[in-house]
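Only one structure is covered here, and it is reproduced in the block below.
What follows draws every value from the coordinates through simple rules; no lab data is involved. Just so it is clear, the structure is predicted and the values come from calculations on it, not from any experiment. Note: ideal-geometry Cβ built from the backbone for every residue, glycine included; neighbour counts use all protein chains shown.
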Amino acid sequence: RFVLTKMRVVPKGAFAGLLDLEKIEISQNDALEVIEANAFSNLPKLHEIRIEKANNLVYIDADAFQHLPSLRYLLISNTGLRFLPAVHKVQSFQKVLLDIQDNINIRVIERNSFMGLSSESVILWLNKNGIREIENHAFNGTYLDELNLSDNHNLEKLPNEVFQGANGPVVLDISSTKISFLPSHGLEHIKKLRARSTYNLKKLPDLSKFRSLIEANFTYPSHCCAFTNWKRQNTELHPICIMSQAKKDLKEQPGEKLQIQSASEDYISSYGIGFDPAEHDFDYGLCNEVVNVACSPKPDAFNPCEDIMGYNILRVLIWFISILAVTGNIVVLIILISSQYKLTVPRFLMCNLAFADLCIGIYLLFIASVDIQTKSQYYNYAIDWQTGAGCNTAGFFTVFASELSVYTLTVITLERWHTITYAMQLHRKVRLRHAVIIMVFGWLFAFTVALLPIFGVSSYMK
Ligand SMILES: *[C@@H]1O[C@H](CO)[C@@H](O)[C@H](O)[C@H]1NC(C)=O
Ligand SMILES: *[C@@H]1O[C@H](CO)[C@@H](O)[C@H](O)[C@H]1NC(C)=O
Ligand SMILES: *[C@@H]1O[C@H](CO)[C@@H](O)[C@H](O)[C@H]1NC(C)=O
């Protein structure tokens, strides 16, 4: 262990000849700047290297890690490195966990970055770095068990060929990144996908690409709508199922006979199963086995899948109520304003109330028309609607109008109470200018409250 030392360099061959060495920890060395070639090489029993909290470490030689056949864990975190360390000469025979976190200057993952790290599978924890770009073929030549890219807040893109040449990933985490599209190739191994707080990921690729998916965590509930109605065929089917499918295809398309026959022969030789006797007792029900994907966040009343209005009765009622509210309040406004009598305090307050309720009517009309437009397939529109201008406008309207309406009702009540209590004292009468001041305050209040979510205090997404 090298903790809190003043060393500046880990020199060439620093650990040469220490054939029984199992672990190296280099931690909290502010002076450390350079790790030279062959610093960690030819150490047959070494299984763990930790290099952490070395803010000034900016250079690790490309030949620093060589021939570490037992390596299982390599940690490099909290350093000033600008590039991923080269690991292609590690050549471990073990499963390797490469844990590279909190290196805010690492911006790019180049192609073939992890090739040669291990002949077994690898787990890559690359969280909380400054990664902005991952090149195509970055994971070429690896059995990628897990890839965790969460909290790379500037990462916007996974290019289409990024997983080309890799077997995996089986687990992929892109939470808290700015990724907006998943690559179109290489999703077929993913069993577990996590994309929490990935607000830019609004569209998913074709679901048939997720051939192995078992569990998914998204940011938007509507992504789970697609999965609730989607039953994936089990990919790990018994060879007999594959065989019988091939036979069925053969009947339908005799032209492709040769090809399919050789395909099924491949299956027979690779599984080493005699088909004819086994086929007889086989439970063909197993061939139609389907797998449900566990998906969260689940859709709910605020985030429905098919319809904003879950019941037809609501759909009828919302039109009825909104049309009534709009026409009724317009009539009230027209009568009050155009009346030839003088504008009194109660009449002035009633105008305000009618206006507030008119806004609620308009809001309901708006929601009702969005409901009609997106009928039966709200999930296709949900994210654009919830993150777009429409939802903010509707949200503003309803909060503004209901705050103003309740405020005005309260003022009307107080004004009635005051008038009755002081009926005999004319000098204490509420004057119109008092009412105007009180209502100006009410408008400002309702306006401010309704604007808060638009400026990021809470939100109108629900
Ligand atoms: C991917 O790795 C293979 C060797 O495993 C290599 O031949 C090939 O050139 C690599 N692909 C790219 C695009 O670098
Ligand atoms: C990815 O890393 C983050 C942060 O360390 C962790 O919370 C998360 O559980 C990891 N994801 C998976 C799928 O294990
Ligand atoms: C991910 O989804 C699964 C299945 O719905 C759920 O059980 C799990 O709690 C979710 N995890 C997170 C971190 O949301």
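Using only the alpha-carbon atoms, how far is helix 378-387 inclined from the longest principal axis of the chain? Give it as 0 to 90 degrees, nearest 10. Orientation of helix 378-387: about 80 degrees from the principal axis.
Just to confirm a number: summing +1 for Lys and Arg and -1 for Asp and Glu over residues other than R315 whose beta-carbon lies under 10 angstrom from that of R315, what do you get? Mind dumping the intermediate values first?
On the way: positive: K375; negative: D307, D371.
Result for the local shell: -1.
Work the Kirkwood hydrodynamic radius out for the range 63-182: mean of 1/r over every pair of different alpha-carbon atoms, inverted, in Å. Let's see the in-between values first.
Values: mean 1/r = 0.0712 Å⁻¹.
With all distinct Cα pairs of the range 63-182 included, I get 14.0 Å.
Summing charges over all other residues whose Cβ lies under 13 Å from the Cβ of P346, with Lys and Arg as +1 and Asp and Glu as -1, gives +4. Once both labels are positioned 7 Å from their Cα atoms along Cα-to-Cβ, the gap between F447 and S338 label points is 2.8 nm.
Given in Å, the Rg to one decimal and the Dmax to the nearest whole number for the Cα atoms of the range 116-224 are 12.8, 40. Rounded to the nearest 10 degrees, the inclination of helix 432-451 to the longest alpha-carbon principal axis of the chain is 10 degrees. Here, the range 49-131 is characterised by an Rg to Rh ratio of 0.93, where Rg is the alpha-carbon radius of gyration and Rh the Kirkwood radius. Computed over the Cα atoms of the range 299-442, pair by distinct pair, the Kirkwood hydrodynamic radius stands at 17.5 angstrom.
Let me make sure I get this right: for the chain, a, b and c are the square roots of the gyration tensor eigenvalues over alpha carbons, sorted descending. Under 1.5 in a/c it's rounded, otherwise prolate if a/b > b/c, else oblate. Which is it? Cα axes put the chain in the oblate bin. The string of couplings for the range 294-299 from the Karplus curve (6.51, -1.76, 1.60, θ = phi - 60°) is 7, 10, 9, x, 6, x Hz, one whole number per residue in order, with x for Gly and Pro. The Cα center of the range 9-72 and the Cα center of the range 431-462 differ in position by 62 Å. Neighbours of L46, meaning other residues whose beta-carbon lies under 11 angstrom from its beta-carbon, give a summed charge of 0 when Lys and Arg score +1 and Asp and Glu score -1. Taking 0.36 nm per residue of sequence separation and removing the Cα-Cα distance, the S197/E48 pair yields an extension gain of 50.4 nm.
Only Cα pairs under 8 Å and at least 6 apart count here; give the relative contact order of the chain as a rounded whole percent. Please report the intermediate quantities before stating the final value.
Working: 955 pairs, mean separation 31.8, N = 462.
Relative CO of the chain lands at 7 percent.
With all pairs of different alpha carbon atoms counted, what Kirkwood hydrodynamic radius in Å does the range 410-462 show? Intermediate values should be presented prior to the final figure.
Values: mean 1/r = 0.0743 Å⁻¹.
Computed over Cα pairs of the range 410-462, the Kirkwood hydrodynamic radius comes out at 13.5 Å.
Our estimate of slack between T410 and E120, defined as 0.36 nm per intervening residue step minus the Cα-Cα distance, is 97.2 nm.
Going from the residue with the fewest nearby Cβ atoms within 10 Å to the one with the most, Y363, Y73 rank Y73, Y363.
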